[in-house]
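The values are calculated or read from the model by the stated rules, or taken from the named source; none is laboratory data. This one's a predicted model, so the numbers in the text were calculated from it and none came from an experiment. Here Cβ is always computed from backbone atoms with ideal geometry, including for glycine, and neighbour counts include all displayed protein chains. Accessible surface areas use protein heavy atoms only, side chains included; no ligands, DNA or RNA. Shrake-Rupley method; radii C 1.70, N 1.55, O 1.52, S 1.80 Å.
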Amino acid sequence: MDVSYYPGCSLSGTARDYGESVEAVSGTLGVALKELPDWNCCGSSSAHVTNDELSVALAARNLEIADKIGKDVAVPCAMCYSRLKVAEKALLAGREIEGISHKYEGSIHVKHLVDFFWENVGEQAILEKVKKPLEGLNPVCYYGCLITRPPEITDAVNPEDPQSMDNILKTLGANVKNWSYKTDCCGGSLILTLPEIAHKLIQKLLDMSQEAGADCIVAACPMCHSNLDGWQKEISQETGRKYDIPIFYFTELMGLAFGDASVKKWLHRHGTDPIPFLHEKELL
Amino acid sequence: MVASLPESIVPDSSFRKQVERLSGRRVSACFQCEKCTNGCPLTFAMDIPPHKLIRLAHLGLKDTVLNSDTIWVCASCETCTTRCPNGIDIAHIMDILRQVSQREGIRASKKDVPVFHSTFIASMKRWGRVHEMEMAAMYTLKSAGLKGLMAQSKLGLEMFKKGKIKLLPYRLRPNSQVRNIFKNAGRKG
């Protein structure tokens with residue numbers, strides 16, 4: 001199965017663990033990721049707070065490239081996904097954007113990678129590749145804001161209670177916990193500018209995962225992951241409570257269940273070391 | 001909390017019309033149900049809760065709105081937009097308010113937020129993709145000075161050791177369409 005792939009800027013840098021695990025598990029599942037040639041930044045959170053025209057045009061250029069290729073686009077980052085969907089809706093509504101001459105008619109679909117794996121690749125194909133079920137793992141799935149919100153943009157059927165990541169983790173054999181914070185905000189866009197506020201949002205998610213009986217959190221977005229994973233030491237110091245909660249990308253856990261040899265290399269890149277935890281669970 | 005609300009308010013529709021024109025949504029459709037405020041995860045850090053901000057925009061209290069912490073504390077999580085029973089895209093209205101505030105040269109109450117965004121956009125414009133290392137270093141230098149940058153160097157080194165720092169940026173192809181996009185958008189501003 002071929003799919004156009006828009007990795008976004010973080011996947012070769014701060015989310016290298018995500019990028020590497022996405023490529024590995026796609027290979028295992030027989031999905032050929034075709035990176036869009038000469039793609040540009042989607043505009044992220046900075047373009048839309050600064051200049052409306054810029055924010056739509058930057059994302060629209062990537063859609064233009066993808067539409068000419070004619071395949072659906074899989075997007076691993078929630079922010080990129082959101083911006084591409086905003087541009088898609090604007091173009092379909094007939095908005096004219098200077099510099100974008102291509103007529104976009106919606107013959108391709110933009111999908112977040114977690115939905116692509118669940119809906120397009122499917123349960124059976126994932127199940128067939130599971131060599132080592134994730135027995136004894138009790139994760140909560142964290143989708144964050146932009147995979148599902150707002151539904152007018154994302155076309156999410158159930159924006160307050162998405163299921164695709166839960167379903168994937170269940171297929172891998174994990175004992176997925178339910179919780180009410182799947183789509184609460186982690187404060188990702190504020191982490192460098194108003195860290196004291198972002199830390200409060202992160203702490204709430206960490207606390208609520210514990211209350212739900214989870215022993216780890218699974219994410220599907222570079223910003224969500226780095227936010228939950230990278231600041232636990234600081235939050236421990238600020239609050240006097242010890243936080244040491246493993247945060248995984250869903251693709252890392254797919255790789256783990258598929259018996260991928262590179263899992264340790266990805267996990268070594270985390271801020272909160274999840275390796276002792278997986279040893280304890282006898283999953284690594 | 002809101003420090004400087006005048007004792008009596010004379011409604012002025014020009015600001016409401018400006019916001020409605022730029023956002024394409026009717027601020028006046030708000031009936032103050034407070035669903036946005038109750039669902040907002042950042043209300044605790046705002047000086048004016050979202051439903052009040054919408055009301056103030058409706059009444060034309062432009063200065064109060066554009067000088068609020070709220071427009072910069074909003075994390076664009078889209079919960080308000082998703083839940084508004086009247087279809088007001090509140091998160092987009094927050095964007096419009098930030099854009100107007102910057103265009104009019106108002107000093108942001110949370111001054112680092114627009115500094116971050118302008119640094120991010122500069123990196124995007126230079127390379128076509130954001131070069132995270134350059135962006136983070138430039139932002140830290142601008143917001144916290146050389147001392148702040150030095151203080152962050154330990155974190156940078158740790159991330160480098162974990163292979164999370166990409167040293168070389170992507171380079172735009174010559175005559176890239178991306179340059180024109182920035183030129184056009186800058187003109188329309």
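Overview of results
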quantity: Of the criteria (1) open to solvent by 30 Å² or more (accessible area, probe 1.4 Å); (2) more than 7 Å from chain A (Cβ to nearest Cβ); (3) farther than 18 Å from residue B:19 by Cβ, which one residue B:114 fails; calculated: (1)
quantity: Number of positions in the range A:64-79 that are open to solvent by 10 Å² or more (accessible area, probe 1.4 Å) and assigned to a helix (DSSP H, G or I); calculated: 6
quantity: Condition met for residue A:46 (within 22 Å of the chain's Cα centre (by Cα), more than 7 Å from chain B (Cβ to nearest Cβ), under 21 Å from residue B:90 (Cβ atoms) and polar (S, T, N, Q)); calculated: no
quantity: Residue match in the range B:147-155 (condition: open to solvent by 80 Å² or more (accessible area, probe 1.4 Å), more than 7 Å from every other protein chain (Cβ to nearest Cβ), in contact with a helix residue (DSSP H, G or I) (Cβ under 7 Å, 6 or more places away or on another chain) and not acidic (Asp, Glu)); calculated: yes
quantity: Among (1) among the charged types (D, E, K, R); (2) away from chain B (no Cβ under 11 Å); (3) open to solvent by less than 20 Å² (accessible area, probe 1.4 Å), the one test that residue A:61 misses; calculated: (2)
quantity: Pairs, first within 14 Å of chain B (Cβ to nearest Cβ) and at positive phi in the range A:172-195, second part of a loop (DSSP other than H, G, I, E, B) and surrounded by 22 or more Cβ atoms within 10 Å (Cβ to Cβ), C-beta under 7 Å, six or more apart; calculated: A:187/B:75
quantity: Residue match in the range B:88-101 (condition: open to solvent by 50 Å² or more (accessible area, probe 1.4 Å) and modelled with pLDDT of 95 or more); calculated: no
quantity: For residue B:139: the one exception among (1) more than 8 Å from chain A (Cβ to nearest Cβ); (2) buried (at least 17 other Cβ atoms within 10 Å of the Cβ); (3) under 24 Å from the mean Cα position of the chain (by Cα); calculated: (1)
quantity: Every residue from the range A:1-34 that is within 12 Å of chain B (Cβ to nearest Cβ) and touching a strand residue (DSSP E or B) at 6+ places or on another chain (Cβ under 9 Å); calculated: A:6, A:7, A:8, A:15, A:17, A:18
quantity: Any hit, the range B:74-81, residues being among the polar types (S, T, N, Q), open to solvent by less than 40 Å² (accessible area, probe 1.4 Å) and free of Cβ contacts under 8 Å to residues at least 12 places away in the same chain; calculated: yes
quantity: Within the range A:118-157, tally of residues that are closer than 30 Å to residue B:80 by Cβ and at pLDDT 95 or above; calculated: 20
quantity: Answer residue from the range A:161-206, given it is assigned to a helix (DSSP H, G or I) and among the charged types (D, E, K, R) and is least open to solvent (accessible area, probe 1.4 Å) among those; calculated: A:166
quantity: Test set (1) over 24 Å from residue A:152 (Cα atoms); (2) assigned to a loop (DSSP other than H, G, I, E, B); (3) hydroxyl-bearing (Ser, Thr, Tyr); (4) within 19 Å of the chain's Cα centre (by Cα) - residue B:8 fails condition number; calculated: (4)
quantity: Residue match in the range A:215-223 (condition: open to solvent by 20 Å² or more (accessible area, probe 1.4 Å) and either at pLDDT 95 or above or not hydroxyl-bearing (Ser, Thr, Tyr) (or both)); calculated: yes
quantity: Selected residue [more than 14 Å from every other protein chain (Cβ to nearest Cβ), of a type outside the set (D, E, K, R) and buried (at least 23 other Cβ atoms within 10 Å of the Cβ)] from A:236, A:209, A:226; calculated: A:209
quantity: Yes/no for residue A:135 being open to solvent by 10 Å² or more (accessible area, probe 1.4 Å), assigned by TED's automatic domain parsing to the domain that holds residue A:206 and over 26 Å from residue A:51 (Cβ atoms); calculated: yes
quantity: Within the range B:126-135, tally of residues that are under 16 Å from residue B:181 (Cα atoms) and either under 17 Å from the mean Cα position of the chain (by Cα) or crowded, with 20+ Cβ neighbours inside 10 Å (or both); calculated: 4
quantity: Count of residues meeting criterion [among the hydrophobic types (A, V, I, L, M, F, W, C), open to solvent by 10 Å² or more (accessible area, probe 1.4 Å), assigned by TED's automatic domain parsing to the domain that holds residue A:48 and touching a residue at least 24 places away in the same chain (Cβ under 8 Å)] in the range A:81-120; calculated: 5
quantity: Considering residues of the range A:15-32 that are polar (S, T, N, Q) and open to solvent by less than 10 Å² (accessible area, probe 1.4 Å) only, the residue nearest to residue B:163 (Cα to Cα); calculated: A:21
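Conditions (1) buried (at least 23 other Cβ atoms within 10 Å of the Cβ); (2) within 12 Å of another protein chain (Cβ to nearest Cβ); (3) of a type in the set (Lys, Arg), marked per residue:
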| site | (1), (2), (3) |
| --- | --- |
| B:15 | no, no, no |
| B:24 | no, yes, no |
| B:35 | no, no, yes |
| B:47 | no, no, no |
